[in-house]
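Here is the structure we will look at, set down as structure tokens.
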Amino acid sequence: MGNCFGVRIKAESPFHSTPSGGNSKNVSRDRNGYSGSSSRVSAASVPPTPRSEGEILQSTNVKSFTFNELRSATRNFRPDSVLGEGGFGSVFKGWIDEHTFAAVKPGTGIVIAVKRLNHDGLQGHKEWLAEVNYLGQLYHPNLVKLLGYCLEDEHRLLVYEFMSRGSLENHLFRRGVYFQPLSWSIRVKVALGAARGLAFLHSAETKVIYRDFKASNVLLDSNYNAKLSDFGLAKDGPTGDKSHVSTRVMGTYGYAAPEYLATGHLTTKSDVYSFGVVLLELLSGRRAVDKNRPSGEHNLVEWAKPFLMNKRKIFRVLDPRLEGQYSLAGAQKAAALAIQCLWSEPKFRPAMDEVVAALEDIQAAKDTARSSRGQEGARSHNHGHNHGGGGVRAFRRPSFQGAAANGRVAYPRPSGSPLYA
Ligand SMILES: Nc1ncnc2c1ncn2[C@@H]1O[C@H](COP(=O)(O)OP(=O)(O)OP(=O)(O)O)[C@@H](O)[C@H]1O
Ligand SMILES: [Mg+2]
């Protein structure tokens, strides 16, 4: 994460130690059309996951760029084209020709995001390779498209489709003209898109555990379609009759499931827990971990759980900026879903396809549809009045909640904001 709020937990190989493979991870490799976001997801059988670096690079269906090509595409990695910074390195905006992928002048061709590993070391290389391995094979509308990579001398870069609205983290927690508060309907849409991405990863034909689900790894396109990025920590799920994969603990504090932190046993239910944390961030507008809050409120899950367990108190958790945009029923369903994902006991957590179904339900509900006219529509229609018609009442939080908004910490606007225009 590019700020002090997310602490990455260290570290080990994202790959199995034994080259058993055998996992079908197929998916259509229809990557030629950069902008075509096909909803087709193929799941026919494919050869076992490649393991060695040579196999991965040979089998991937993405372009191998030279360092010079990416230097030209990003205008020599100009500081003013930095889109963001993370643990891996900086992400730059660049331009390439749609057909030849050759560098072109800014404003022509297609926009790309170029992530450049900024430190040496085995871990960085392993994460780079894991990204090429997984995103080079997996294709789904809710996974960011990897267009190519560069491996030259000490240089390690990754080239992605440009996600014009940047990360969910920026939208939830940064302030400024480029990051207006997201409406209720957009938050539900984003949660649903991300849930579909995870459900796809967990599906029988893919069987991947993502392991680093958090708001900064959910990227948004111009229509707020959510796509998962960063497969550096992803792992093949357990095979045969095994219930979990044993790993050294990696991920991000605040998002990692308690049993995974305690035992290193990784299951798809660890991702479900992390999804619950992000759902809670979406509902509350609060960070998973925020040391700037009063004591007792630093850890979002610990603070929110008691309120979420009581139907009449869930409004203490909901983001004051959502006031009037949700119905009582919609808010209660979303809160119940968050609680289920966050159960301490993994077996009680729903599977991601059940989460998708629950969110589809919330999205389809009349009350949510009413506020899905876009950001402006949602805001101008919402002042806690009864919308009438269908008898669904937009719910206004009790007025004491307003005070919470005033005490909120203002986060700096990212220097790269205009790049998202
Ligand atoms: N494809 C992309 N299109 C547009 N912006 C991007 C893209 N990929 C990354 N970014 C921006 O760059 C930022 C840094 O991304 P990166 O994945 O390197 O770090 P992070 O997710 O913040 O932290 P971590 O290293 O813990 O994953 C993102 O938060 C986002 O704002
Ligand atoms: Mg990331």
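Per residue of region 76-82, in order, report the coupling 6.51 cos²θ - 1.76 cosθ + 1.60 (Karplus, θ = phi - 60°) as ³J(HN,Hα) in whole Hz, putting x for Gly and Pro.
The phi angles translate into 6, 6, 4, x, 7, 9, 6 Hz.
When the Cα centres of region 293-366 and region 117-172 are compared, how far apart do they sit, in Å?
31
If r is the Cβ-Cβ distance from Glu85 to Glu53 and R0 is 41 Å, what FRET efficiency results, to the nearest 0.05? List each step's numbers first, then the result.
Numbers: r = 26 Å, r/R0 = 0.64.
So, using R0 = 41 Å, E works out to roughly 0.95.
How many nm separate the modelled label positions at Asp97 and Ser164, each set 7 Å beyond the Cα in the direction of the Cβ?
Result for the modelled spin labels: 2.4 nm.
Multiply the residue gap between Ala262 and Asn68 by 0.36 nm, knock off their C-alpha separation, and tell me the result in nm, one decimal place. Mind dumping the intermediate values first?
Numbers: separation 194, 0.36 × 194 = 69.84 nm, distance 4.49 nm.
Contour length minus the Cα-Cα distance gives 65.4 nm.
Could you check the spin-label model distance between His125 and Asp153? Points 7 Å from the Cα along Cα→Cβ, value in nm.
Taking the two extended label points, one gets 1.6 nm.
Once you order the gyration tensor axes a ≥ b ≥ c over the Cα atoms, which shape class does region 296-371 get: rounded for a/c under 1.5, otherwise prolate or oblate by comparing a/b with b/c? Don't skip to the end; give the middle numbers.
Working: a/c = 2.34, a/b = 1.12, b/c = 2.08.
Oblate shape, in that a/c is at least 1.5 and b/c is the bigger or equal ratio.
In terms of Cα to Cα distance under 16 Å, which aspartates and glutamates are near enough to Lys63, apart from those fewer than 8 places away along the same chain?
Counting by Cα, and skipping residues close in sequence, Lys63 has these aspartates and glutamates nearby: Asp30, Glu53, Glu55, Asp97, Glu98, Glu131, Glu152, Glu161.
Take the Cβ-Cβ distance between Glu297 and Glu360 as r, set R0 to 56 Å, and report the resulting FRET efficiency rounded to the nearest 0.05.
With R0 = 56 Å, the Cβ-Cβ based efficiency is 0.95.
May I ask you to order 105-111, 71-77 by the average number of other C-beta atoms within 10 Å around their residues, highest value first? Don't skip to the end; give the middle numbers.
Values: 105-111: 13.7, 71-77: 18.9.
Output ranking for 105-111, 71-77: 71-77, 105-111.
What list of ³J(HN,Hα) couplings, whole Hz, do you get for region 274-290 from phi and the Karplus terms 6.51, -1.76, 1.60, once you set θ to phi - 60° and write x for glycine and proline?
4, 4, x, 5, 5, 4, 5, 4, 5, 6, 9, x, 10, 6, 4, 10, 9
Can you list the lysines whose alpha carbon sits under 18 Å from that of Lys333, skipping same-chain ones fewer than 8 residues off?
Lys189, Lys305, Lys311, Lys313, Lys366
Quick one: Karplus J couplings for region 146-151, per residue in order, coefficients 6.51, -1.76, 1.60, θ = phi - 60°, nearest Hz, x for Gly and Pro?
Coupling constants for region 146-151: 8, 8, x, 8, 9, 10 Hz.
FYI, it's all coordinate maths here, none of it is from the lab. If you're wondering where the values come from, they're calculated on a predicted model, not measured in any experiment. Virtual Cβ from ideal backbone geometry, glycine too; neighbours counted across all protein chains shown.
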